[in-house]
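First the structure, in the form of structure tokens, and then the observations on it.
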Amino acid sequence: MKKLSKYKMLSLLIFPMVVLFIFGTVSSCMKVLNLQISDGVYVVGEWNDWVPTESDKMTISTSEDAYVFELPVASITFNPSRGGNEFSIGYYKVIYKQGGVTKVSSAIPVWKENMGNDSKLTIYATPTIMVNGSAVGVGDSEKLKTNLKNWSIGGEINSWNLTQGVMTWDDTNKVFVYEVKNFAGQKKEYNYKLSRTDNDWKPWEMNYDGKKYDAGMGQNASFSLPENGTYDLKFTYNPKFSILAVTYTKK
Amino acid sequence: MRNQKLNLTFLILISFTVTSLFAFQSNFSAGFSLQYDFSNEQSIASLSTEFRMNHSVFGKDFDLSLSMKNADLESAKLSLKLFGITTNLYKNVLFIKTTDPVILYKVDSGRDGMDIQLSNIKVLFSGDVMYVDTKLTFVQRIGFIVGKRSGKFDAAIYGLQKFGGLNVNYELIQQDLTKFDIKNSVGMVSVAEGNYNWGVRYLLAGATNTTLALSPQYISNQNIVSAWYKFGSQPAFSTYVNTNFSFEKFSDDALKNTEVGMDINYSGAFVNLKKTGFADVTGAMPTEWGKFNVSLGTTFSFMNFSGKFAYSFGKPAHNVVNTIGEVYYVELGRSFGNMNLFGKYQKIIGYYEEKDFFFGELKFTGFQNADFAIQLGNGDFAGDNPFKPVVAFKINAWW
């Protein structure tokens, strides 16, 4: 066999790459292959190969005032959490398509052990408040459960101590609440994050910065105070639609 | 805006004072980072500072290192050496990791605790985790671990034996010793060529749902087999097969879980091919290939720029795009004396998702005890970090 020179070997590799790179970015073969889905709200995950089909369409529920989908827990593929083998995490995404507008939620984690004996996961979505690439507007029944670990707020307001920031369920407003009374506001901006309690911040995938779950180091939510002073702070988390918010009253 | 300018001036002033005052010592370092996030309607500014004390601050037998973040103690390690015994005290440090091949215990978050080390024995205590890891080097290389984690006792025996140029690694683990159950047993043996150019590794778990509670080794099935073979140097080839199966569903599992791949490297250029699972291949179109990945790339240089580009096509397209798709990546860097310019860009095109990533950095290294960098965007392209207008000013100083 004739031995190829170094230059030829290299150009054999480089040439197709340059061609792919230039033509690929301009008219990508993925764009040619692009799947057209009919208008609607869909749930995708491993069970449908992340490609929406008619049977993955969410239906509108007047009682919930949202789109709802019941997913059998057996359909979800769970893998061990990066935070430890004792937690199993599965993912789904919600896709909203209406005319020219497509919104795809970020990957939303589901913690298997927290669901106990549930055979179905109920997924909720409000497309009008969905933000492309974010979890806002989408949530599920697993997020409502606190059998194994509570939801907690950790932040600069409590030295990132989750055990101090345990949230309680407010059944009237359907949100988890954590209140801080007489907080001495000494600067404008405060960082915080939502997690499951016991100060281990585990499973890491459930940490939420108000935009995406699995929020890592330095990815925090924040709120700003208009001026220095004493405030009553109220943190709320809406598990059905992943809405994290802070309200304050100056004293 | 005025406030932000003041902040920056203040930051630069501090750094110059700090660097000039301590220019003749060399065991401390500090980092300042001021970040502006312009992606929200109101730009958000955040400042963080770090202070580290490193190396043998107090002499040969007494080490203290600590780091502060925003005026809070972030982590600390105190080391004492006496009569050949090292005692370490830790505050919020990653330090739990056993030395066996399977790795019985490993904790990936900062913990408080202590360990004591003699030449071949290590005793560690940290909250509900404690263990003794010891090696007998005088016979053959055999090691024992006895550990306790939240009320349960575990043990492991492991070793390395050399047979005519072959390395044989083995390990036996029994978890929860007081309540013996075959489900909690794990065995591993690997046979490899002396330089590990080829080898086979086999792990057998007691049951299909066996787990190692505090280990990075995930037991995906009862039998886990991997084999590898490397050959050539110009180009260098590396091939591998990984699979896992249970005894009852051997052929189903093997068809579904087998992963084969080949990596080729040739002076800065690379081609990686990988196919995961064969049960989901339904046709000739890429959309019918199931899970696969083809990636190629090369480093290059032109006009004093050095760079890299890469392309990959596969399913999943990326960590954060699960459908079939492609990823384009290019990076470029150049230094102008003491100024370094670096930029990288990535585009992911999935079935219905498209994400653009960009990161740029301008770094000044001309100072005697400091460097200064201006960064734009988030540099972690493996995570879900599409480009956002975030600008960070970073100063590192040491003295």
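The values are calculated or read from the model by the stated rules, or taken from the named source; none is laboratory data. Since we're looking at a predicted model, the values are computed, not measured. Note that each Cβ is placed from the backbone with ideal geometry, even for glycine, and that neighbours are counted across all protein chains shown. Quick note on the areas: whole protein, heavy atoms, side chains included, nothing else; ligands and nucleic acids left out. Shrake-Rupley method; radii C 1.70, N 1.55, O 1.52, S 1.80 Å.
What the pair-distance distribution of the stretch B:329-399 shows, using all Cα-Cα distances binned every 10 Å from zero, is 19, 42, 26, 10, 3, 0 percent.
Pairs of Cα atoms nearer than 8 Å and 6+ residues apart set the relative contact order; for the stretch A:37-105 it is 35 percent. The equivalent ellipsoid of the stretch B:75-118 has semi-axes of 20, 16, 5 Å, largest first, where each one is the square root of 5 times an eigenvalue of the Cα gyration tensor. Length available on full extension from B:ILE103 to B:ILE182: 0.36 nm per residue minus the Cα-Cα distance, which gives 26.5 nm. Which far-off residues, 5 or more places away or on another chain, put their amide H under 5 Å from the one on A:VAL175, with H placed in the peptide plane? Residues meeting the criterion, in which the H sits 1.01 Å from N, are A:ASP170. Once you order the gyration tensor axes a ≥ b ≥ c over the Cα atoms, which shape class does the stretch B:103-176 get: rounded for a/c under 1.5, otherwise prolate or oblate by comparing a/b with b/c? Judged from the Cα gyration tensor, the stretch B:103-176 comes out prolate (a/c at least 1.5, a/b above b/c).
For the stretch A:245-251, the Karplus equation 6.51 cos²θ - 1.76 cosθ + 1.60, evaluated at θ = phi - 60°, returns couplings of 8, 10, 10, 9, 10, 7, 9 Hz by residue, with Gly and Pro reported as x. Between A:GLU86, A:GLU179, A:GLU113, the residue with the greatest mean-square fluctuation in the GNM of chain A (Cα pairs under 10 Å linked by springs) is A:GLU86. Extension gain, A:GLU46 to A:VAL101: 0.36 nm times the residue separation minus the Cα-Cα distance gives 17.4 nm. The mean number of Cβ atoms from other chains found within 10 Å of a Cβ in peptide B:317-326 is 5, as a whole number.
The slack in the chain from B:ILE142 to B:ASN319, taken as 0.36 nm per residue of separation less the alpha-carbon distance, amounts to 59.8 nm.
Cα-based values for the stretch A:193-233, radius of gyration first and Dmax second, are 12.8, 36 Å. Based on the convex hull around the alpha carbon atoms, the stretch B:245-399 presents an average projected area of 13.6 nm². For the stretch A:141-233, the equivalent ellipsoid derived from the Cα gyration tensor has semi-axes of 23, 16, 12 Å, listed largest first. Its residues counted as N, the stretch B:66-210 yields a C-alpha radius of gyration over 2.2 N^0.38 Å of 1.22.
Report D for chain B in µm² per second (integer): Stokes-Einstein, Kirkwood Rh on Cα pairs, 25 °C, 0.890 mPa s. This corresponds to a translational diffusion coefficient of 95 µm²/s.
Chain B and chain A together bury an accessible surface of about 3600 square angstrom, both sides counted, with a 1.4 Å probe and no ligands or nucleic acids included. Pair-distance distribution of the stretch B:167-320: all C-alpha pairs, bin width 10 Å, starting at 0; shares per bin in whole percent are 10, 27, 31, 21, 8, 2, 0. Expressed as a fraction of 2.2 N^0.38 Å, the C-alpha radius of gyration for the stretch A:65-210 is 1.13. Estimated from helical segments only, the mean residue ellipticity of the protein assembly as shown at 222 nm is -2500 deg cm²/dmol, where each DSSP H run of four or more residues counts as -39500 (n - 2.57). Annotation for the stretch B:198-272: chymotrypsin sites (Phe, Trp or Tyr not before Pro) lying in DSSP loop with at most 13 further Cβ atoms inside 10 Å of their Cβ are B:TYR218, B:PHE247. Within the listed set B:ASN385, B:ASN338, B:ASN184, the Gaussian network model of chain B (springs between alpha-carbon atoms below 10 Å) gives the highest mean-square fluctuation for B:ASN338.
Here the relative contact order of chain B, from alpha carbon pairs under 8 Å that lie six or more residues apart, stands at 10 percent.
Shape summary of chain A, radius of gyration then Dmax from alpha carbon positions: 22.6, 86 Å.
Over the C-alpha trace of the stretch B:166-231, radius of gyration and Dmax come out as 13.5, 47 angstrom.
Per residue of peptide B:351-360, the mean number of Cβ atoms on other chains within 10 Å of the residue Cβ is 4. Within the listed set B:PHE292, B:PHE62, B:PHE313, the residue fluctuating most in the Gaussian network model of chain B (springs between alpha-carbon atoms under 10 angstrom) is B:PHE62. The convex hull defined by the C-alpha atoms of the protein assembly as shown has an orientation-averaged projected area of 35.9 nm².
For the stretch B:114-152, backbone nitrogen atoms closer than 18 Å to the point 7 Å from A:ASP198 Cα along Cα-to-C-beta are found at B:126-130, B:148-152.
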